[in-house]
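All remarks here apply to the structure that follows.
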Amino acid sequence: MNLLAVLKEIHQEVTPLLGQGNVAKYIPALAKTDPMQFGMAITLNDGQFYGVGSYEKTFSIQSIAKVFSYTLALRAYQNDLYKRVWREPSGTAFNSLIQLEKEAGIPRNPFINAGAIAVCDSLVTHYSPDKTALNEVITFIHECCGERTITFDQAVSESEMEHGFRNIALANLMKSFGNFENDVHSVIETYFQVCSIAMSAKQLSRSMLYLANNGTDPISRKNFISSPQAKRINSLMLTCGHYDASGDFAFRVGLPGKSGVGGGIVAVVPGKMSIAVYSPALNKYGNSLVGTKALELFTTKTGLSIF
Ligand code: GLU
């Protein structure tokens with residue numbers, strides 16, 4: 001199969017859709033992003049790479065970072081992590097407070113904000129006092145990507161910190177229920193720094209290969225997580241990776257995936273490849289509008305879905 005030709009075809013077909021949707025305005029530093037951008041990248045398990053459009057442009061990976069944080073937390077806490085963060089789709093918006101109140105401060109899954117903040121809190125506990133959770137997440141991404149240049153965008157994290165009232169509320173609510181171990185302010189700061197890590201579609205597709213190969217990076221041969229744990233992360237990406245549009249994403253794309261409000265989406269084809277797409281304008285659920293369409297076209301054209 002000529003994957004570059006498929007990518008070029010997709011690029012052509014989605015171009016008329018660029019401009020639909022809205023960039024994430026609730027984070028002022030992201031509100032200025034040009035909505036017309038598009039990039040798509042594929043890295044195969046054997047290292048072959050294909051890209052179209054702005055695949056080397058770095059952007060704020062936002063909630064895609066939750067996959068890396070969750071991998072580290074699952075590795076550190078194993079099944080104990082489920083006591084703090086459950087594994088069920090939420091059916092609510094990514095930053096909703098209502099369900100968390102009803103369910104006594106236990107977030108539904110690690111990919112909604114409350115769950116990711118609880119995961120971040122558990123990493124802060126795990127790494128202190130000698131190390132910082134932020135550095136460990138970044139170092140982990142370096143290992144996954146095979147590149148040491150990736151870092152976070154301070155302007156974006158500060159902008160989130162200034163306007164992060166809802167996330168601070170989620171953390172406080174968990175604290176009130178006893179599901180929070182550290183200082184709310186410092187965990188939220190770490191959470192925003194992790195969300196503001198900047199990567200390109202090319203780097204993201206490379207970094208997620210461990211999830212396409214049972215927890216072991218197929219290129220460096222480094223083992224990051226056990227095979228059953230990799231299965232669980234992929235399952236959560238399929239069922240919870242797109243907030244309350246997770247069912248629609250699974251229906252249309254048929255792959256485990258995770259989106260971020262920066263406009264990125266990564267998807268995993270187990271045993272074969274990882275695909276990342278970047279297009280910053282979002283649909284009403286907070287997922288890249290054109291990115292979702294591009295992935296839908298990809299699995300339809302190639303048959304490379306898990307179903
Ligand atoms: N930093 C974002 C927030 O907490 C992440 C949301 C997302 O990417 O979906 O609101």
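The values are calculated or read from the model by the stated rules, or taken from the named source; none is laboratory data. As the structure is a computational prediction, the values presented were derived from the model and not from experiment. Cβ sites come from the backbone with ideal geometry, for glycine too, and all protein chains shown count toward neighbours.
Residues checked against (1) more than 27 Å from ILE106 (Cα to Cα); (2) among the aliphatic types (A, V, I, L, M):
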{"residue": "ARG166", "(1), (2)": "no, no"}
{"residue": "LEU170", "(1), (2)": "no, yes"}
{"residue": "PHE177", "(1), (2)": "no, no"}
{"residue": "PHE180", "(1), (2)": "no, no"}
{"residue": "GLN193", "(1), (2)": "no, no"}
{"residue": "ASN214", "(1), (2)": "yes, no"}
{"residue": "PRO218", "(1), (2)": "yes, no"}
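Considering SER159, SER205, which residue is assigned to a helix (DSSP H, G or I) and out of contact with any helix residue (DSSP H, G or I) (no Cβ under 8 Å at 6 or more places or on another chain)?
SER205
Among the residues of the range 134-169, what is the count of those that are within 16 Å of the ligand (Cβ to nearest atom), polar (S, T, N, Q) and surrounded by 15 or more Cβ atoms within 10 Å (Cβ to Cβ)?
Residues in the range 134-169 being within 16 Å of the ligand (Cβ to nearest atom), polar (S, T, N, Q) and surrounded by 15 or more Cβ atoms within 10 Å (Cβ to Cβ): 3 in total.
Could you identify the single residue in GLY247, GLY291 that is assigned to a helix (DSSP H, G or I), within 14 Å of the ligand (Cβ to nearest atom) and modelled with pLDDT of 95 or more? Before the answer, list the steps.
Numbers: GLY247 fails: within 14 Å of the ligand (Cβ to nearest atom).
GLY291 is the lone residue from the list that is assigned to a helix (DSSP H, G or I), within 14 Å of the ligand (Cβ to nearest atom) and modelled with pLDDT of 95 or more.
Run ALA212 past the list (1) surrounded by fewer than 22 Cβ atoms within 10 Å (Cβ to Cβ); (2) farther than 22 Å from LEU134 by Cα and report the number of the one that doesn't hold.
Every condition holds for ALA212 apart from (1).
Of the residues ALA29, ALA65, only one is of a type in the set (Gly, Ala, Ser), part of a helix (DSSP H, G or I), at pLDDT 95 or above and closer than 28 Å to ILE150 by Cβ; which?
ALA65
In this structure, does LEU209 turn out to be within 15 Å of the ligand (Cβ to nearest atom), at pLDDT 95 or above and out of contact with any Lys or Arg (no Cβ under 8 Å at 6 or more places or on another chain)?
Answer is no for this residue.
Could you tell me whether PHE192 is within 12 Å of the ligand (Cβ to nearest atom), under 23 Å from LEU211 (Cβ atoms) and either touching a Ser or Thr at 6+ places or on another chain (Cβ under 6 Å) or in contact (Cβ under 8 Å) with a residue 40 or more places away in the chain (or both)? Don't jump to the end; show me each part of the working.
Values: within 12 Å of the ligand (Cβ to nearest atom): yes; under 23 Å from LEU211 (Cβ atoms): no; either touching a Ser or Thr at 6+ places or on another chain (Cβ under 6 Å) or in contact (Cβ under 8 Å) with a residue 40 or more places away in the chain (or both): yes.
It is false that PHE192 is within 12 Å of the ligand (Cβ to nearest atom), under 23 Å from LEU211 (Cβ atoms) and either touching a Ser or Thr at 6+ places or on another chain (Cβ under 6 Å) or in contact (Cβ under 8 Å) with a residue 40 or more places away in the chain (or both).
Collect the residues in the range 95-131 that are surrounded by 24 or more Cβ atoms within 10 Å (Cβ to Cβ) and in a loop (DSSP other than H, G, I, E, B), keeping them in residue-number order.
PRO107, PRO110, PHE111, ILE112
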